[in-house]
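Written below as C-alpha coordinates is the structure these notes are about.
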Amino acid sequence: MNTIKTFRDVTAWQKSMILVNKIYRASDTFPDSEQPVLTTQIRKSATTIASTLAKAHAFNSSKAKLRCLTIVSGLVFELQTFLEIAVNLGYINKEFFDLLYEDSRDFEKMLGQLKNSLD
(Lines give C-alpha, C1' and ligand atoms only; values in the text may rest on other atoms or scores of the structure.)
Protein backbone atom coordinates (compact mmCIF):
# COMPACT_ATOMS: atom_id res chain seq x y z
CA MET A 1 0.00 0.00 0.00
CA ASN A 2 1.34 3.42 -0.95
CA THR A 3 1.79 5.92 1.83
CA ILE A 4 0.62 9.45 1.14
CA LYS A 5 3.32 11.78 2.41
CA THR A 6 2.59 14.90 0.37
CA PHE A 7 -0.18 16.14 -1.87
CA ARG A 8 1.91 14.92 -4.82
CA ASP A 9 1.18 11.35 -3.71
CA VAL A 10 -2.60 11.84 -4.02
CA THR A 11 -3.93 10.19 -7.19
CA ALA A 12 -6.58 12.87 -7.69
CA TRP A 13 -3.92 15.59 -7.64
CA GLN A 14 -1.77 13.65 -10.13
CA LYS A 15 -4.74 13.27 -12.47
CA SER A 16 -5.60 16.96 -12.07
CA MET A 17 -2.10 17.87 -13.22
CA ILE A 18 -2.53 15.73 -16.33
CA LEU A 19 -5.82 17.51 -16.98
CA VAL A 20 -4.12 20.91 -16.54
CA ASN A 21 -1.56 19.99 -19.17
CA LYS A 22 -4.27 18.88 -21.60
CA ILE A 23 -6.24 22.09 -21.02
CA TYR A 24 -3.17 24.22 -21.65
CA ARG A 25 -2.49 22.38 -24.91
CA ALA A 26 -6.13 22.69 -25.96
CA SER A 27 -6.32 26.40 -25.16
CA ASP A 28 -3.12 27.09 -27.12
CA THR A 29 -5.27 26.79 -30.23
CA PHE A 30 -7.76 29.47 -29.14
CA PRO A 31 -7.67 32.73 -31.10
CA ASP A 32 -5.55 35.55 -29.66
CA SER A 33 -8.74 37.53 -29.09
CA GLU A 34 -9.76 34.94 -26.47
CA GLN A 35 -6.53 35.33 -24.46
CA PRO A 36 -7.97 37.77 -21.92
CA VAL A 37 -11.26 35.89 -21.61
CA LEU A 38 -11.87 32.21 -22.36
CA THR A 39 -8.20 31.14 -22.48
CA THR A 40 -7.52 32.69 -19.08
CA GLN A 41 -10.73 31.36 -17.54
CA ILE A 42 -10.35 27.76 -18.71
CA ARG A 43 -6.72 27.66 -17.58
CA LYS A 44 -7.60 29.21 -14.24
CA SER A 45 -10.31 26.61 -13.64
CA ALA A 46 -7.93 23.75 -14.38
CA THR A 47 -5.05 25.12 -12.30
CA THR A 48 -7.36 25.96 -9.40
CA ILE A 49 -8.62 22.38 -9.38
CA ALA A 50 -5.05 21.16 -8.85
CA SER A 51 -4.12 23.82 -6.32
CA THR A 52 -7.29 23.33 -4.26
CA LEU A 53 -6.65 19.59 -4.12
CA ALA A 54 -3.15 20.34 -2.85
CA LYS A 55 -4.62 22.69 -0.26
CA ALA A 56 -7.08 20.02 0.90
CA HIS A 57 -4.16 17.79 1.80
CA ALA A 58 -2.95 20.41 4.30
CA PHE A 59 -6.10 20.20 6.43
CA ASN A 60 -6.41 17.69 9.23
CA SER A 61 -10.17 17.71 9.60
CA SER A 62 -12.47 15.76 7.31
CA LYS A 63 -14.87 18.70 7.30
CA ALA A 64 -12.22 21.06 5.90
CA LYS A 65 -11.10 18.49 3.33
CA LEU A 66 -14.72 17.94 2.28
CA ARG A 67 -15.20 21.70 1.85
CA CYS A 68 -12.18 21.81 -0.48
CA LEU A 69 -13.41 18.82 -2.46
CA THR A 70 -16.81 20.48 -2.84
CA ILE A 71 -15.09 23.57 -4.23
CA VAL A 72 -13.13 21.36 -6.62
CA SER A 73 -16.38 19.75 -7.80
CA GLY A 74 -17.74 23.18 -8.67
CA LEU A 75 -14.53 24.00 -10.52
CA VAL A 76 -14.83 20.79 -12.55
CA PHE A 77 -18.35 21.81 -13.61
CA GLU A 78 -17.01 25.26 -14.49
CA LEU A 79 -14.25 23.68 -16.58
CA GLN A 80 -16.78 21.46 -18.36
CA THR A 81 -18.83 24.56 -19.19
CA PHE A 82 -15.78 26.33 -20.65
CA LEU A 83 -15.03 23.23 -22.73
CA GLU A 84 -18.61 23.30 -24.06
CA ILE A 85 -18.16 26.95 -25.01
CA ALA A 86 -14.84 26.22 -26.72
CA VAL A 87 -16.23 23.39 -28.83
CA ASN A 88 -19.39 25.35 -29.68
CA LEU A 89 -17.24 28.23 -30.93
CA GLY A 90 -15.04 25.85 -32.92
CA TYR A 91 -11.90 26.50 -30.88
CA ILE A 92 -11.42 22.78 -30.26
CA ASN A 93 -12.71 19.95 -32.40
CA LYS A 94 -15.45 17.60 -31.22
CA GLU A 95 -13.13 14.60 -30.87
CA PHE A 96 -10.71 16.46 -28.61
CA PHE A 97 -13.64 17.89 -26.66
CA ASP A 98 -15.01 14.38 -26.14
CA LEU A 99 -11.65 13.21 -24.76
CA LEU A 100 -11.29 16.19 -22.43
CA TYR A 101 -14.89 15.95 -21.29
CA GLU A 102 -14.52 12.23 -20.56
CA ASP A 103 -11.36 12.94 -18.56
CA SER A 104 -13.23 15.56 -16.57
CA ARG A 105 -16.16 13.17 -15.97
CA ASP A 106 -13.77 10.47 -14.73
CA PHE A 107 -12.19 13.04 -12.45
CA GLU A 108 -15.65 14.10 -11.26
CA LYS A 109 -16.41 10.49 -10.30
CA MET A 110 -13.11 10.20 -8.45
CA LEU A 111 -14.00 13.32 -6.47
CA GLY A 112 -17.36 11.82 -5.58
CA GLN A 113 -15.63 8.75 -4.18
CA LEU A 114 -13.22 10.91 -2.19
CA LYS A 115 -16.08 12.98 -0.80
CA ASN A 116 -18.02 9.84 0.14
CA SER A 117 -15.00 8.47 1.99
CA LEU A 118 -14.94 11.62 4.15
CA ASP A 119 -18.65 11.62 5.02
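The values are calculated or read from the model by the stated rules, or taken from the named source; none is laboratory data. None of these values were measured; they are calculated from a predicted model. So basically every Cβ, Gly included, is an ideal-geometry build from the backbone, and we count neighbours across all protein chains shown. We work out accessible area using only protein heavy atoms, side chains counted, and drop any ligands, DNA or RNA first. Shrake-Rupley method; radii C 1.70, N 1.55, O 1.52, S 1.80 Å.
For MET17, indicate whether it is at pLDDT below 95 and within 24 Å of MET110 (Cα to Cα).
In short, no.
Name every residue in region 29-59 that is open to solvent by 40 Å² or more (accessible area, probe 1.4 Å) and charged (D, E, K, R), in order of residue number.
If the condition is that a residue be open to solvent by 40 Å² or more (accessible area, probe 1.4 Å) and charged (D, E, K, R), then ASP32, ARG43, LYS44, LYS55 are the ones that fit.
Test of understanding: among THR52, THR39, which residue is at pLDDT 95 or above and either charged (D, E, K, R) or touching an Asp or Glu at 6+ places or on another chain (Cβ under 9 Å) (or both)?
THR39
So in region 76-109, with the set limited to residues that are of a type in the set (Phe, Trp, Tyr) and under 12 Å from the mean Cα position of the chain (by Cα), which one is most open to solvent (accessible area, probe 1.4 Å)?
It comes out as PHE77.
In region 60-69, what residues are open to solvent by 70 Å² or more (accessible area, probe 1.4 Å) and either part of a helix (DSSP H, G or I) or touching a Ser or Thr at 6+ places or on another chain (Cβ under 6 Å) (or both)?
Correct list: LYS63, ARG67.
Please enumerate the residues belonging to region 1-24 that are part of a helix (DSSP H, G or I) and more than 14 Å from the chain's Cα centre (by Cα).
Taking region 1-24 and keeping what is part of a helix (DSSP H, G or I), we get 7-9, 11-24.
Across region 1-24, the qualifying residues are PHE7, ARG8, ASP9.
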